[in-house]
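The structure appears right after this line, and notes come after that.
The values are calculated or read from the model by the stated rules, or taken from the named source; none is laboratory data. Here the structure is a predicted model, which is why all the values come from computation and not from measurement. Cβ atoms come from the backbone with ideal geometry, glycine included; neighbour counts cover every protein chain shown.
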Amino acid sequence: MTHTQRIERCRPAAQIIIQLILAISAVTLSGLATPTPPGSCQKHVVITGYWPPTNEMLRPWSTDPELNPTGWIGANWGDYGFDVHAFFPEFPPDGNPMNDPFGSDGWIGSPASDLRVDFQDTSADFWRIMDDYQPTILIATSRGGQIDWELEASEGGHQGPQADPARDWRADEHGADSYPTQASIDPRSWHAISTYRAGQTLDSQLPLAQIAAATRALNLGNVDIDHHGTSGNYLSGFMGLHGLYYHQLAPHSVAAGHIHVGTMLPVDSARALMEATLHAVLSEFDAQQLPCPN
(Lines give C-alpha, C1' and ligand atoms only; values in the text may rest on other atoms or scores of the structure.)
Protein backbone atom coordinates (compact mmCIF):
# COMPACT_ATOMS: atom_id res chain seq x y z
CA MET A 1 0.00 0.00 0.00
CA THR A 2 1.44 3.32 -1.01
CA HIS A 3 1.73 6.39 1.24
CA THR A 4 -1.04 8.14 -0.70
CA GLN A 5 -3.33 5.13 -0.32
CA ARG A 6 -2.79 5.13 3.45
CA ILE A 7 -3.79 8.83 3.68
CA GLU A 8 -6.94 8.30 1.63
CA ARG A 9 -7.91 5.30 3.77
CA CYS A 10 -7.54 7.26 7.05
CA ARG A 11 -9.32 10.46 5.85
CA PRO A 12 -12.95 9.40 6.71
CA ALA A 13 -11.97 8.46 10.25
CA ALA A 14 -10.12 11.76 10.70
CA GLN A 15 -13.12 13.74 9.46
CA ILE A 16 -15.37 11.96 11.95
CA ILE A 17 -12.98 12.77 14.82
CA ILE A 18 -12.80 16.44 13.79
CA GLN A 19 -16.61 16.69 13.66
CA LEU A 20 -16.88 15.16 17.14
CA ILE A 21 -14.32 17.62 18.53
CA LEU A 22 -16.21 20.57 17.01
CA ALA A 23 -19.56 19.34 18.37
CA ILE A 24 -18.14 18.87 21.89
CA SER A 25 -16.55 22.35 21.74
CA ALA A 26 -19.84 23.95 20.69
CA VAL A 27 -21.69 22.36 23.61
CA THR A 28 -18.97 23.41 26.05
CA LEU A 29 -18.90 27.00 24.77
CA SER A 30 -22.69 27.29 24.86
CA GLY A 31 -22.64 26.25 28.50
CA LEU A 32 -20.05 28.93 29.30
CA ALA A 33 -21.78 31.73 27.34
CA THR A 34 -23.43 34.53 29.30
CA PRO A 35 -27.24 34.40 28.89
CA THR A 36 -29.03 37.44 27.53
CA PRO A 37 -30.38 39.50 30.47
CA PRO A 38 -34.18 39.38 30.74
CA GLY A 39 -34.41 43.18 30.60
CA SER A 40 -31.83 43.95 27.93
CA CYS A 41 -34.02 46.64 26.31
CA GLN A 42 -33.76 50.31 27.27
CA LYS A 43 -36.14 51.29 30.10
CA HIS A 44 -37.94 54.64 30.04
CA VAL A 45 -39.28 56.89 32.77
CA VAL A 46 -41.88 59.49 31.79
CA ILE A 47 -42.61 62.55 33.94
CA THR A 48 -45.48 64.87 33.06
CA GLY A 49 -46.29 68.39 34.17
CA TYR A 50 -49.00 70.99 33.78
CA TRP A 51 -48.99 74.54 35.14
CA PRO A 52 -45.94 76.26 36.64
CA PRO A 53 -43.88 75.46 38.55
CA THR A 54 -44.14 71.90 37.19
CA ASN A 55 -43.31 72.69 33.56
CA GLU A 56 -40.32 74.81 34.56
CA MET A 57 -39.23 72.11 37.02
CA LEU A 58 -39.14 69.45 34.30
CA ARG A 59 -37.29 71.29 31.50
CA PRO A 60 -33.92 69.53 31.92
CA TRP A 61 -35.58 66.16 31.16
CA SER A 62 -37.21 67.31 27.91
CA THR A 63 -35.59 66.20 24.65
CA ASP A 64 -37.24 69.08 22.76
CA PRO A 65 -34.52 71.71 22.09
CA GLU A 66 -37.12 74.48 21.96
CA LEU A 67 -38.37 73.62 25.44
CA ASN A 68 -34.91 72.76 26.78
CA PRO A 69 -32.16 74.61 24.88
CA THR A 70 -29.53 73.68 27.48
CA GLY A 71 -29.67 69.99 26.55
CA TRP A 72 -31.35 66.79 27.74
CA ILE A 73 -29.98 65.31 31.00
CA GLY A 74 -32.19 62.21 31.03
CA ALA A 75 -29.93 59.62 29.36
CA ASN A 76 -29.22 56.87 31.91
CA TRP A 77 -30.16 59.40 34.57
CA GLY A 78 -28.35 58.88 37.87
CA ASP A 79 -26.68 55.79 36.35
CA TYR A 80 -29.73 53.70 37.28
CA GLY A 81 -30.21 52.34 33.76
CA PHE A 82 -33.33 54.40 32.94
CA ASP A 83 -33.77 57.19 30.38
CA VAL A 84 -35.97 59.95 31.80
CA HIS A 85 -38.29 61.98 29.50
CA ALA A 86 -40.48 64.94 30.48
CA PHE A 87 -43.58 66.33 28.77
CA PHE A 88 -45.46 69.53 29.69
CA PRO A 89 -47.33 72.49 28.17
CA GLU A 90 -46.10 76.05 27.64
CA PHE A 91 -48.03 79.23 28.49
CA PRO A 92 -47.15 82.17 26.24
CA PRO A 93 -46.78 85.07 26.19
CA ASP A 94 -45.64 85.48 29.81
CA GLY A 95 -45.54 81.88 31.06
CA ASN A 96 -48.23 82.54 33.67
CA PRO A 97 -51.64 80.94 32.98
CA MET A 98 -53.11 82.69 36.03
CA ASN A 99 -53.03 85.94 34.03
CA ASP A 100 -55.47 84.53 31.48
CA PRO A 101 -59.22 83.78 31.56
CA PHE A 102 -60.28 80.30 32.65
CA GLY A 103 -60.54 78.01 29.61
CA SER A 104 -58.61 80.31 27.26
CA ASP A 105 -55.55 79.23 25.29
CA GLY A 106 -53.39 81.12 27.76
CA TRP A 107 -54.95 79.17 30.61
CA ILE A 108 -54.69 75.66 29.11
CA GLY A 109 -51.42 76.09 27.18
CA SER A 110 -50.13 76.81 23.71
CA PRO A 111 -51.83 74.88 20.88
CA ALA A 112 -48.39 73.55 19.94
CA SER A 113 -47.84 72.11 23.42
CA ASP A 114 -48.06 68.57 24.69
CA LEU A 115 -50.59 67.89 27.45
CA ARG A 116 -52.57 71.11 27.42
CA VAL A 117 -54.79 71.46 30.47
CA ASP A 118 -57.77 70.20 28.48
CA PHE A 119 -59.45 66.78 28.71
CA GLN A 120 -59.37 65.95 25.02
CA ASP A 121 -55.81 67.16 24.47
CA THR A 122 -54.51 65.40 27.57
CA SER A 123 -56.19 62.12 26.61
CA ALA A 124 -54.80 62.15 23.06
CA ASP A 125 -51.30 63.22 24.06
CA PHE A 126 -51.08 60.90 27.06
CA TRP A 127 -51.78 57.74 25.08
CA ARG A 128 -49.54 58.82 22.20
CA ILE A 129 -46.67 59.29 24.65
CA MET A 130 -47.41 55.98 26.37
CA ASP A 131 -47.56 54.14 23.04
CA ASP A 132 -44.32 55.76 21.84
CA TYR A 133 -42.22 55.39 25.01
CA GLN A 134 -43.91 52.51 26.85
CA PRO A 135 -42.49 53.74 30.15
CA THR A 136 -41.55 51.37 32.91
CA ILE A 137 -42.14 54.16 35.45
CA LEU A 138 -44.55 57.09 35.19
CA ILE A 139 -44.65 60.13 37.49
CA ALA A 140 -47.34 62.75 36.89
CA THR A 141 -47.03 66.19 38.48
CA SER A 142 -49.27 69.23 38.55
CA ARG A 143 -49.70 72.55 40.34
CA GLY A 144 -51.18 72.10 43.80
CA GLY A 145 -51.83 74.39 46.73
CA GLN A 146 -50.11 75.17 50.03
CA ILE A 147 -48.33 71.82 50.39
CA ASP A 148 -45.02 71.99 48.56
CA TRP A 149 -44.68 68.27 47.72
CA GLU A 150 -47.95 66.38 48.14
CA LEU A 151 -47.82 62.68 47.31
CA GLU A 152 -51.27 61.48 46.30
CA ALA A 153 -52.03 57.98 47.63
CA SER A 154 -55.09 57.27 45.43
CA GLU A 155 -56.96 58.51 42.35
CA GLY A 156 -60.46 58.28 40.89
CA GLY A 157 -63.60 57.52 42.83
CA HIS A 158 -65.53 60.65 41.82
CA GLN A 159 -69.24 60.76 41.11
CA GLY A 160 -71.12 63.67 39.65
CA PRO A 161 -74.82 64.45 39.92
CA GLN A 162 -75.58 62.44 36.78
CA ALA A 163 -74.97 58.86 35.72
CA ASP A 164 -72.70 60.01 32.87
CA PRO A 165 -69.04 59.50 33.97
CA ALA A 166 -68.04 62.60 31.97
CA ARG A 167 -69.97 64.71 34.47
CA ASP A 168 -67.86 63.46 37.35
CA TRP A 169 -65.30 65.99 36.20
CA ARG A 170 -65.13 69.76 36.41
CA ALA A 171 -65.59 71.39 32.99
CA ASP A 172 -62.42 72.78 31.45
CA GLU A 173 -64.51 75.33 29.48
CA HIS A 174 -62.32 74.97 26.42
CA GLY A 175 -63.28 73.94 22.91
CA ALA A 176 -66.39 72.14 21.73
CA ASP A 177 -66.27 69.57 24.57
CA SER A 178 -65.78 70.89 28.08
CA TYR A 179 -66.10 67.43 29.62
CA PRO A 180 -64.31 64.14 28.86
CA THR A 181 -67.11 62.58 26.82
CA GLN A 182 -67.00 59.06 25.40
CA ALA A 183 -66.94 60.44 21.86
CA SER A 184 -64.16 62.98 22.46
CA ILE A 185 -61.47 61.07 24.39
CA ASP A 186 -59.42 57.94 23.78
CA PRO A 187 -61.35 54.71 24.54
CA ARG A 188 -58.76 53.85 27.18
CA SER A 189 -59.41 57.17 28.92
CA TRP A 190 -63.13 56.51 28.83
CA HIS A 191 -62.69 53.05 30.30
CA ALA A 192 -60.57 54.50 33.12
CA ILE A 193 -63.01 57.23 34.14
CA SER A 194 -66.09 55.04 33.75
CA THR A 195 -64.59 52.19 35.78
CA TYR A 196 -62.87 54.04 38.64
CA ARG A 197 -65.69 56.25 39.90
CA ALA A 198 -68.38 56.20 42.58
CA GLY A 199 -65.89 55.30 45.28
CA GLN A 200 -63.78 52.93 43.17
CA THR A 201 -60.18 54.16 43.31
CA LEU A 202 -56.70 53.07 42.31
CA ASP A 203 -53.78 53.26 44.75
CA SER A 204 -50.51 54.98 43.94
CA GLN A 205 -47.80 52.60 42.81
CA LEU A 206 -44.93 54.88 43.81
CA PRO A 207 -42.78 54.11 46.89
CA LEU A 208 -44.42 56.93 48.84
CA ALA A 209 -42.60 56.45 52.16
CA GLN A 210 -39.21 56.42 50.46
CA ILE A 211 -40.04 59.54 48.43
CA ALA A 212 -41.27 61.33 51.53
CA ALA A 213 -38.09 60.50 53.46
CA ALA A 214 -35.81 61.58 50.62
CA THR A 215 -37.60 64.88 49.94
CA ARG A 216 -38.05 65.83 53.60
CA ALA A 217 -34.32 65.43 54.11
CA LEU A 218 -33.73 68.39 51.77
CA ASN A 219 -35.66 70.81 54.02
CA LEU A 220 -36.90 72.70 50.96
CA GLY A 221 -40.59 72.72 51.85
CA ASN A 222 -43.35 70.80 53.51
CA VAL A 223 -43.89 67.24 52.28
CA ASP A 224 -47.04 65.23 52.89
CA ILE A 225 -48.65 61.96 51.81
CA ASP A 226 -52.36 62.50 51.15
CA HIS A 227 -54.03 59.33 52.44
CA HIS A 228 -57.51 60.85 52.67
CA GLY A 229 -58.28 62.46 49.32
CA THR A 230 -57.35 62.29 45.65
CA SER A 231 -55.95 64.76 43.13
CA GLY A 232 -59.48 66.06 42.54
CA ASN A 233 -61.85 66.11 39.59
CA TYR A 234 -60.06 68.58 37.33
CA LEU A 235 -57.10 67.80 35.05
CA SER A 236 -54.72 66.94 37.90
CA GLY A 237 -56.95 64.06 38.96
CA PHE A 238 -57.62 63.11 35.35
CA MET A 239 -53.89 62.77 34.69
CA GLY A 240 -53.24 61.02 38.00
CA LEU A 241 -55.90 58.41 37.22
CA HIS A 242 -54.48 57.93 33.73
CA GLY A 243 -51.07 57.09 35.14
CA LEU A 244 -52.42 54.43 37.48
CA TYR A 245 -54.66 53.00 34.78
CA TYR A 246 -51.69 52.77 32.40
CA HIS A 247 -49.84 50.90 35.15
CA GLN A 248 -52.66 48.36 35.24
CA LEU A 249 -52.64 47.90 31.46
CA ALA A 250 -48.87 47.60 30.97
CA PRO A 251 -47.30 44.40 32.38
CA HIS A 252 -43.84 46.02 32.23
CA SER A 253 -44.88 49.04 34.35
CA VAL A 254 -43.48 48.83 37.87
CA ALA A 255 -44.40 52.25 39.34
CA ALA A 256 -46.80 55.11 38.70
CA GLY A 257 -48.39 57.92 40.65
CA HIS A 258 -49.10 61.64 40.97
CA ILE A 259 -47.49 64.50 42.92
CA HIS A 260 -49.01 67.92 43.56
CA VAL A 261 -46.39 70.70 43.60
CA GLY A 262 -47.02 73.82 45.69
CA THR A 263 -47.96 77.03 43.92
CA MET A 264 -45.31 79.10 45.71
CA LEU A 265 -42.46 76.58 45.51
CA PRO A 266 -39.40 78.09 43.72
CA VAL A 267 -38.42 76.28 40.54
CA ASP A 268 -34.94 75.42 41.85
CA SER A 269 -36.46 73.84 44.96
CA ALA A 270 -39.04 71.96 42.92
CA ARG A 271 -36.31 70.62 40.63
CA ALA A 272 -34.23 69.45 43.61
CA LEU A 273 -37.29 67.72 45.07
CA MET A 274 -37.93 65.99 41.75
CA GLU A 275 -34.32 64.82 41.61
CA ALA A 276 -34.66 63.40 45.13
CA THR A 277 -37.91 61.73 44.09
CA LEU A 278 -36.27 60.14 41.07
CA HIS A 279 -33.39 58.84 43.19
CA ALA A 280 -35.88 57.37 45.68
CA VAL A 281 -37.95 55.67 42.96
CA LEU A 282 -35.23 54.45 40.61
CA SER A 283 -33.06 53.04 43.39
CA GLU A 284 -35.88 50.61 44.17
CA PHE A 285 -35.42 48.77 40.87
CA ASP A 286 -32.71 46.97 38.91
CA ALA A 287 -33.39 48.19 35.38
CA GLN A 288 -31.67 45.23 33.74
CA GLN A 289 -33.86 42.73 35.57
CA LEU A 290 -37.17 44.40 34.66
CA PRO A 291 -39.31 43.07 31.81
CA CYS A 292 -39.17 44.72 28.40
CA PRO A 293 -42.32 46.21 26.87
CA ASN A 294 -44.12 43.86 24.53
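Numbers at a glance
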| read-out | value |
| --- | --- |
| Any chance residue 63 is assigned to a loop (DSSP other than H, G, I, E, B) and within 30 Å of residue 187 (Cβ to Cβ) | yes |
| Residues within region 233-254 that are under 14 Å from residue 117 (Cβ atoms) and either assigned to a helix (DSSP H, G or I) or not assigned by TED's automatic domain parsing to the domain that holds residue 123 (or both), tallied | 7 |
| Scan of region 197-213 for residues that are under 13 Å from residue 246 (Cα atoms) and in a loop (DSSP other than H, G, I, E, B), ordered by number | 204, 205 |
| Top-ranked residue in region 159-169 [being assigned to a loop (DSSP other than H, G, I, E, B) and at pLDDT 95 or above; ranked as farthest from residue 243 (Cα to Cα)] | 164 |
| Residue check for residue 60: assigned by TED's automatic domain parsing to the domain that holds residue 103, more than 17 Å from the chain's Cα centre (by Cα) and at pLDDT 50 or above | no |
| Matching residues, region 120-156, being among the hydroxyl-bearing types (Ser, Thr, Tyr) and assigned to a strand (DSSP E or B) | 141, 142, 154 |
| Enumeration of residues in region 149-169 that are crowded, with 23+ Cβ neighbours inside 10 Å and either in contact with a strand residue (DSSP E or B) (Cβ under 7 Å, 6 or more places away or on another chain) or of a type in the set (Val, Ile, Thr) (or both) | 149, 151, 152, 155, 156 |
| Selection status of residue 219, assigned by TED's automatic domain parsing to the domain that holds residue 104, assigned to a loop (DSSP other than H, G, I, E, B) and under 19 Å from residue 48 (Cα atoms) | no |
| Count of residues meeting criterion [in contact with a helix residue (DSSP H, G or I) (Cβ under 6 Å, 6 or more places away or on another chain) and either within 14 Å of residue 197 (Cα to Cα) or part of a helix (DSSP H, G or I) (or both)] in region 222-232 | 2 |
